[in-house]
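Just below is one structure, and these are the notes that go with it.
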Amino acid sequence: MSQAGKKKMIVVAGGGPAGLRAAEVAAESGAAVVLLEGKRYVGRKLLVAGKSGLNLTNDEAFESFVAKYSGPADRWRKLIGEFSNNDLRKWAAGLGFETFVSSGGKVFPQPMKAAPLLRAWIKRLRDLEVDLRFNSRVVRIDERLVHLLNGDSIPFDALILAFGGASWPSTGSDGSWADLLAPHQVALTPFEPANCGWEVDWPESMIPDIEGKPLKNIVGSTPWHSCPGEITLTKYGIEGGPIYHLGPDLRKMEDPVITLDLKPTLSLDEVESRMSAVKKNYVREAKRRLKLCDAATALLKKLPQLGPWSNGGSIAGAIKALPIPLKGPRPIAEAISTAGGVAWSELDDSLMVSRLPGVFVAGEMIDWEAPTGGYLLQGCFATGERAAKGAIKFTESRTSITN
Ligand SMILES: Cc1cc2nc3c(=O)[nH]c(=O)nc-3n(C[C@H](O)[C@H](O)[C@H](O)COP(=O)(O)OP(=O)(O)OC[C@H]3O[C@@H](n4cnc5c(N)ncnc54)[C@H](O)[C@@H]3O)c2cc1C
């Protein structure tokens, strides 16, 4: 409360997980909170994320957890230190959703879908008297006023922007907020698709043999990193964990190439020795002797840069290191998340935009990326938490607009 006993007004713009968490923390501190959401309801991307299982966070140890985030490591150490994977699990339990750890440390609520959790979260926000305003699209920001598309203007003591990234625009996160910050000269890093499929110029004749087929238990590599997992071959290219994880490397390569180890459980020597006696039908023999799947054999048989095989050693080399040249990432609208956004250099430790005192940012609209596995939502919660605490502190040091 202000000296005059009136509540400080914290406006949160954007009703994704970052904005909802910011609103919750701000309301718990006793501030009057208005949450503005451009769409008819909040959390549309969260609902998409939780359609087949909401991977809330990851059960990974702290240091390797924070290493998953791009951007300044010291900042992520503080952000995740302040609101950790365990804090997120406790938060979910507090809403009535116990969590469990699945493969790869992925943490899911019970039940796994997002809709019941979102409903409970909204109820909590209403209990905290957060004023939820839907169909309230922000079109302009002044020093202490937010202007909406419908002509309304809302005064604030502090403003938290949580407009999301630029993928899945149908959910409301369309990246158009970049125009909203442009008049304020806030530096933005261009958006790029992250955690997305990549396109490959497959020969036409190969598509019926590979489309929709998985390559299980492979390892994908770039010159800098390797990632085990499963990828799916599609009509247009490749989808799946390893290619998502290697995206930051691939984006910085002039001619991006992912190299696949189709038999990571065997060394090159072992593969060579199993293939050394083969004198013909190299692909068929490789399939039989190494138990290769159909998709792997289709690649060995039909990729134009490979073969014809003349000895067991050469096909062994390709099985252990099969280069797939990539045309480029799939369109940003399809990506699970985006890299780019508000540059870290624009933000102080409390995630306040230095050139816009009292305006904070949270979630995917900040320039960071992280792999799938629960790190994205954790990053959104942690930045929402920080921005709200920053906003509360800021309002405590100022005279309220309501005075
Ligand atoms: C298919 C898919 C699956 C995913 N699965 C997972 C997963 O399992 N685990 C995980 O960690 N992450 C997952 N993610 C990523 C995760 O959903 C996002 O990282 C997260 O939702 C981003 O949260 P946010 O609050 O920053 O923004 P968003 O959730 O994008 O919310 C931003 C909100 O701001 C609103 N908005 C935008 N502009 C305006 C404006 N001008 N005025 C008012 N409101 C505005 C939008 O309508 C939207 O509601 C998935 C994403 C996708 C697409």
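The values are calculated or read from the model by the stated rules, or taken from the named source; none is laboratory data. Everything quoted here is computed from the prediction, not taken from an experiment. Glycine also receives a Cβ, built like all others from the backbone with ideal geometry; neighbour counts cover every protein chain displayed. These area figures cover heavy atoms from the full protein model, side chains too; ligands, DNA and RNA do not enter into them. Shrake-Rupley method; radii C 1.70, N 1.55, O 1.52, S 1.80 Å.
To keep it simple, each residue is scored yes or no on (1) without any contact (Cβ under 8 Å) to a residue 24 or more places away in the chain; (2) away from the ligand (no atom under 13 Å from the Cβ); (3) surrounded by fewer than 24 Cβ atoms within 10 Å (Cβ to Cβ).
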{"position": "Glu37", "(1), (2), (3)": "no, no, no"}
{"position": "Lys51", "(1), (2), (3)": "no, no, yes"}
{"position": "Ala61", "(1), (2), (3)": "yes, yes, yes"}
{"position": "Phe65", "(1), (2), (3)": "no, no, yes"}
{"position": "Lys78", "(1), (2), (3)": "no, yes, yes"}
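Determine whether the range 147-158 contains at least one residue that is out of contact with any strand residue (DSSP E or B) (no Cβ under 7 Å at 6 or more places or on another chain), surrounded by 18 or more Cβ atoms within 10 Å (Cβ to Cβ), in the same structural domain as Leu54 (by TED's automatic domain parsing) and in contact (Cβ under 8 Å) with a residue 24 or more places away in the chain.
no
Given (1) within 22 Å of Phe100 (Cα to Cα); (2) basic (Lys, Arg); (3) part of a loop (DSSP other than H, G, I, E, B), where does Arg21 come up short, assuming only one miss?
Only one criterion in (1) within 22 Å of Phe100 (Cα to Cα); (2) basic (Lys, Arg); (3) part of a loop (DSSP other than H, G, I, E, B) is unmet by Arg21, namely (3).
So which residues in the range 259-298 are open to solvent by 20 Å² or more (accessible area, probe 1.4 Å) and polar (S, T, N, Q), if there are any at all?
Within the range 259-298, Thr259, Thr265, Ser267, Ser273, Ser276, Asn281 meet the criteria.
Do the conditions hold for Val33, that is, is it among the aliphatic types (A, V, I, L, M), within 28 Å of Arg140 (Cβ to Cβ) and open to solvent by less than 20 Å² (accessible area, probe 1.4 Å)?
yes
Which ones in the range 39-49 are in a helix (DSSP H, G or I) and either near the ligand (Cβ under 7 Å from one of its atoms) or of a type in the set (Lys, Arg) (or both)?
Passing the criteria: Arg44, Lys45, Leu46, Val48, Ala49.
Name the strands (runs of 3 or more DSSP E) wholly within the range 162-258 that hold at least 1 residues that are within 16 Å of the ligand (Cβ to nearest atom) and open to solvent by 20 Å² or more (accessible area, probe 1.4 Å)?
In the range 162-258, the matching strands (runs of 3 or more DSSP E) lie at 188-194, 226-233, 237-240.
Checking Arg330 against (1) at pLDDT below 95; (2) within 16 Å of the ligand (Cβ to nearest atom), only one condition comes out false. Which one?
(1) is the only condition that Arg330 fails.
Examine the range 391-398 for a residue that is in contact with a helix residue (DSSP H, G or I) (Cβ under 8 Å, 6 or more places away or on another chain), at pLDDT 95 or above and of a type in the set (Val, Ile, Thr), and state whether such a residue exists.
Yes, because at least one residue in the range 391-398 is in contact with a helix residue (DSSP H, G or I) (Cβ under 8 Å, 6 or more places away or on another chain), at pLDDT 95 or above and of a type in the set (Val, Ile, Thr).
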